[in-house]
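Participant: Below is one structure. I have some questions about it.
The values are calculated or read from the model by the stated rules, or taken from the named source; none is laboratory data. Not measured: the values here are computed from a predicted model. A quick note on method: Cβ atoms are made from the backbone with ideal geometry, for glycine too, and the neighbour counts reach across all protein chains shown.
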Amino acid sequence: MTRRTMRIAMNGVTGRMGYRQHLVRSILSLRDQGGLDLGDGDVLVPEPVLVGRRAHVLKTMAEQHGIEHWTTDLDSVLADPSVEIYFDAQVTAAREAAVKQAIAAGKHIYCEKPTGTTLEGSLELARLAEAAGIKHGVVQDKLFLPGLLKLRRLIEGGFFGRILSVRGEFGYWVHEGDWQSAQRPSWNYRAQDGGGIVVDMFPHWEYVLHELFGRVRTVQALATTHIPQRWDEQDKPYDATADDAAYGIFELEGGAVAQINSSWAVRVNRDELVEFQVDGTHGSAVAGLRECRVQHRSATPKPVWNPDLPVTESFRDQWQRVPDNAEFGNGFKAQWELFLRHVVLDEPWRWDLLAGARGMQLAELGLRSSEQGRRIEVPELSL
């Protein structure tokens, strides 16, 4: 049995997503379970090296979780030959420069999205990584949600017949911060700090649509700022200069049409915070974070429009729940495991920095579509 330790520089894990999903529920979970089984008795144990700007937070976090190494000096970490992977979950505006520096240091790269603040910057990272000959990956966590894994199972099993359309609803009410504190950082609502729901969410929609239904061929979007003033972490009012809602229509390769609404100014009246309804010639499905329900062609009811009479049937009750048929772990951890196997065993991997650039491309074109009020073609990207 071979037991190997892999040191991973983790930058930005003092933030909510970086801490909960990437550090605690992924890397520390792998460490605490004894490592990642690579087969043939070999085990890989990840060892995080915390990197950030706030020393006291890093120190407290390291002591709480039994992490030996932490630092505010990124240069020293990248110069350390024992550190093999650089992970970045910083705010978007800081990510591009740090990832570029890590590529130059020869580290394998795994990072959150968007990978850059512009398509040009994101593409440059992909090209630099390829030229450096390193392994590189981008977090595309929603593909590993139980609901979407069940949806993929339906697609691959031919349940839908010909897929006609995809309807997505995502979002919830983010409090303005005046009489209830906001549940998202204030920078998300300032364009000058890299905020905006299009930049935040369109990269997600790109890989979900691309992987499950087909490449996005055109985009037509309307981005808007519904709440023009919010209050920050110091209870001070500020102008919300970034879009907090976006309404997009996407034509997909193969002919299906997707419509996805994204909003931080919507009150939830659905079973989960994100839901996708897929309609096909042979059946339909509604998939959320964890659950997936279906209605087959043979069981589709025949409603008739009559506004003069009350509805006598429960449409939700006419759908059938898709069973789990498997154990679903944390989606972030599942993708981390695949990336670590890619680095160590050179197993196949397709969620690279070029895939991350496609997400930024769709965000930029979505904003351009909104500004110009027209549908825009999405060209294929290449290095």
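Participant: Tell me, yes or no, whether segment 155-162 has at least one residue that is within 30 Å of residue 298 (Cα to Cα), assigned by TED's automatic domain parsing to the domain that holds residue 267, in a helix (DSSP H, G or I) and free of Cβ contacts under 8 Å to residues at least 24 places away in the same chain. I'd like the intermediate steps shown before the answer.
Facilitator: Within segment 155-162, the subset within 30 Å of residue 298 (Cα to Cα) is 155-162.
From the residues that got through so far, the ones that are assigned by TED's automatic domain parsing to the domain that holds residue 267 too are 155-162.
Among the residues that remain, those that are also in a helix (DSSP H, G or I) are: 155-156.
From what's left, free of Cβ contacts under 8 Å to residues at least 24 places away in the same chain: 156.
Scanning segment 155-162, I find at least one residue that is within 30 Å of residue 298 (Cα to Cα), assigned by TED's automatic domain parsing to the domain that holds residue 267, in a helix (DSSP H, G or I) and free of Cβ contacts under 8 Å to residues at least 24 places away in the same chain, so the answer is yes.
Participant: With respect to the numbered conditions (1) over 18 Å from residue 375 (Cβ atoms); (2) among the basic types (Lys, Arg); (3) touching a residue at least 40 places away in the same chain (Cβ under 8 Å), which one is the sole condition not fulfilled by residue 236?
Facilitator: (3)
Participant: Kindly indicate the residue of segment 211-262 that is in a strand (DSSP E or B) and of a type in the set (Val, Ile, Thr) and also surrounded by the most Cβ atoms within 10 Å (Cβ to Cβ) among those meeting that condition. Break it down stepwise before answering.
Facilitator: Residues of segment 211-262 in a strand (DSSP E or B): 216-224, 229-231, 237-239, 245-252, 257-262.
Checking the rest, the ones that are also of a type in the set (Val, Ile, Thr) come to 216, 218-219, 224, 249, 257, 260.
Working: 216: 24, 218: 15, 219: 27, 224: 13, 249: 15, 257: 15, 260: 23.
Here the answer is 219.
Participant: I've got another one for you. Scan segment 104-126 and report the pairs whose first residue is in contact (Cβ under 8 Å) with a residue 60 or more places away in the chain and surrounded by fewer than 23 Cβ atoms within 10 Å (Cβ to Cβ) and whose second residue is part of a helix (DSSP H, G or I) and among the polar types (S, T, N, Q), with Cβ atoms within less than 7 Å and a gap of 6+ or a chain change.
Facilitator: 117/92; 119/361
Participant: Tally up the residues in segment 183-210 that are crowded, with 18+ Cβ neighbours inside 10 Å and over 19 Å from residue 93 (Cβ atoms), please.
Facilitator: 6
Participant: Might you let me know whether segment 303-320 holds any residue that is of a type in the set (Val, Ile, Thr) and either modelled with pLDDT of 95 or more or in contact with a Gly (Cβ under 7 Å, 6 or more places away or on another chain) (or both)? Steps first, answer last, please.
Facilitator: In the first step, residues of segment 303-320 are kept if they are of a type in the set (Val, Ile, Thr); the result is 304, 311-312.
Subset that is either modelled with pLDDT of 95 or more or in contact with a Gly (Cβ under 7 Å, 6 or more places away or on another chain) (or both): none.
No, that holds for no residue.
Participant: Out of 20, 4, 31, 95, which single residue is of a type outside the set (Phe, Trp, Tyr), exposed (fewer than 15 other Cβ atoms within 10 Å of the Cβ) and either in contact with a strand residue (DSSP E or B) (Cβ under 7 Å, 6 or more places away or on another chain) or part of a loop (DSSP other than H, G, I, E, B) (or both)? Give the derivation first.
Facilitator: Numbers: 20 fails: either in contact with a strand residue (DSSP E or B) (Cβ under 7 Å, 6 or more places away or on another chain) or part of a loop (DSSP other than H, G, I, E, B) (or both); 31 fails: exposed (fewer than 15 other Cβ atoms within 10 Å of the Cβ); 95 fails: exposed (fewer than 15 other Cβ atoms within 10 Å of the Cβ).
On inspection, the qualifying residue turns out to be 4.
Participant: Give just the number: which of (1) surrounded by 19 or more Cβ atoms within 10 Å (Cβ to Cβ); (2) touching a Phe, Trp or Tyr at 6+ places or on another chain (Cβ under 6 Å); (3) not hydroxyl-bearing (Ser, Thr, Tyr) does residue 178 not satisfy?
Facilitator: Exception for residue 178: condition (1).
Participant: Scan (1) buried (at least 23 other Cβ atoms within 10 Å of the Cβ); (2) assigned to a helix (DSSP H, G or I) for the single condition residue 86 breaks and write down its number.
Facilitator: (2)
Participant: Could you check, for segment 164-174, whether at least one of its residues is part of a helix (DSSP H, G or I) and surrounded by fewer than 18 Cβ atoms within 10 Å (Cβ to Cβ)? Lay out the reasoning, then the answer.
Facilitator: First, pick out the residues of segment 164-174 that are part of a helix (DSSP H, G or I): none.
Checked segment 164-174: no residue is part of a helix (DSSP H, G or I) and surrounded by fewer than 18 Cβ atoms within 10 Å (Cβ to Cβ).
Participant: Same structure, new question: Under the condition of being assigned to a helix (DSSP H, G or I) and under 15 Å from the mean Cα position of the chain (by Cα), which residue from segment 322-353 is nearest to residue 84 (Cα to Cα)?
Facilitator: Kept after step one, since they are assigned to a helix (DSSP H, G or I), are these residues of segment 322-353: 331-345, 353.
Adding the requirement that they be under 15 Å from the mean Cα position of the chain (by Cα) leaves 331-336, 353.
On the way: 331: 23, 332: 20, 333: 18, 334: 20, 335: 18, 336: 14, 353: 17 Å.
Applying the filter and picking the extreme gives 336.
Rundown of residues vs (1) modelled with pLDDT of 95 or more; (2) in contact with a Gly (Cβ under 7 Å, 6 or more places away or on another chain); (3) outside the structural domain of residue 117 (by TED's automatic domain parsing), yes/no style:
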{"site": "15", "(1), (2), (3)": "no, no, no"}
{"site": "26", "(1), (2), (3)": "yes, no, no"}
{"site": "29", "(1), (2), (3)": "yes, no, no"}
{"site": "40", "(1), (2), (3)": "no, no, no"}
{"site": "54", "(1), (2), (3)": "no, no, no"}
{"site": "62", "(1), (2), (3)": "yes, no, no"}
{"site": "85", "(1), (2), (3)": "yes, no, no"}
{"site": "89", "(1), (2), (3)": "yes, yes, no"}
{"site": "98", "(1), (2), (3)": "yes, no, no"}
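Participant: Oh, and also: Considering only residues that are aliphatic (A, V, I, L, M) and under 16 Å from residue 110 (Cα atoms), look in segment 130-158 and name the one that is surrounded by the fewest Cβ atoms within 10 Å (Cβ to Cβ).
Facilitator: Taking segment 130-158 first, the residues aliphatic (A, V, I, L, M) are 131-132, 134, 138-139, 143, 145, 148-149, 151, 154-155.
From the residues that got through so far, the ones that are under 16 Å from residue 110 (Cα atoms) too are 132, 134, 138-139.
Numbers: 132: 16, 134: 20, 138: 27, 139: 28.
The extreme case among them is 132.
Participant: Please go through segment 188-220 and pick out each residue that is aliphatic (A, V, I, L, M) and either more than 18 Å from residue 266 (Cα to Cα) or touching a Leu at 6+ places or on another chain (Cβ under 9 Å) (or both).
Facilitator: 191, 198, 199, 208, 209, 212, 216, 219
Participant: Residues in segment 108-115: is at least one out of contact with any Cys (no Cβ under 6 Å at 6 or more places or on another chain), hydroxyl-bearing (Ser, Thr, Tyr) and part of a strand (DSSP E or B)? Spell out how you get there, then give the answer.
Facilitator: Going residue by residue through segment 108-115, those that are out of contact with any Cys (no Cβ under 6 Å at 6 or more places or on another chain) are 108-115.
In the following step, the residues that additionally are hydroxyl-bearing (Ser, Thr, Tyr) were identified as 110, 115.
If we keep only those that are part of a strand (DSSP E or B) too, we end up with 110.
So far as segment 108-115 goes, yes, one or more of its residues are out of contact with any Cys (no Cβ under 6 Å at 6 or more places or on another chain), hydroxyl-bearing (Ser, Thr, Tyr) and part of a strand (DSSP E or B).
Participant: Now for a different question. Could you list, in sequence order, the residues of segment 278-321 that are surrounded by 10 or more Cβ atoms within 10 Å (Cβ to Cβ), part of a loop (DSSP other than H, G, I, E, B) and among the charged types (D, E, K, R)? Working first, answer last.
Facilitator: If we filter segment 278-321 for residues that are surrounded by 10 or more Cβ atoms within 10 Å (Cβ to Cβ), which is where we start, we get 278-297, 299-300, 303, 315, 318-321.
Then drop every residue that is not part of a loop (DSSP other than H, G, I, E, B), which leaves 281-282, 288-291, 300, 303, 315, 319.
Answer for segment 278-321, where residues must be surrounded by 10 or more Cβ atoms within 10 Å (Cβ to Cβ), part of a loop (DSSP other than H, G, I, E, B) and among the charged types (D, E, K, R): 290, 291.
Participant: Based on this model, can you work out whether residue 267 counts as surrounded by 18 or more Cβ atoms within 10 Å (Cβ to Cβ) and of a type in the set (Lys, Arg)?
Facilitator: Numbers: surrounded by 18 or more Cβ atoms within 10 Å (Cβ to Cβ): no; of a type in the set (Lys, Arg): yes.
When the stated conditions are applied, residue 267 does not pass them.
Participant: Still on this structure: For residue 161, indicate whether it is at pLDDT 95 or above, at positive phi and surrounded by fewer than 23 Cβ atoms within 10 Å (Cβ to Cβ).
Facilitator: Numbers: at pLDDT 95 or above: yes; at positive phi: yes; surrounded by fewer than 23 Cβ atoms within 10 Å (Cβ to Cβ): yes.
The answer is yes for residue 161.
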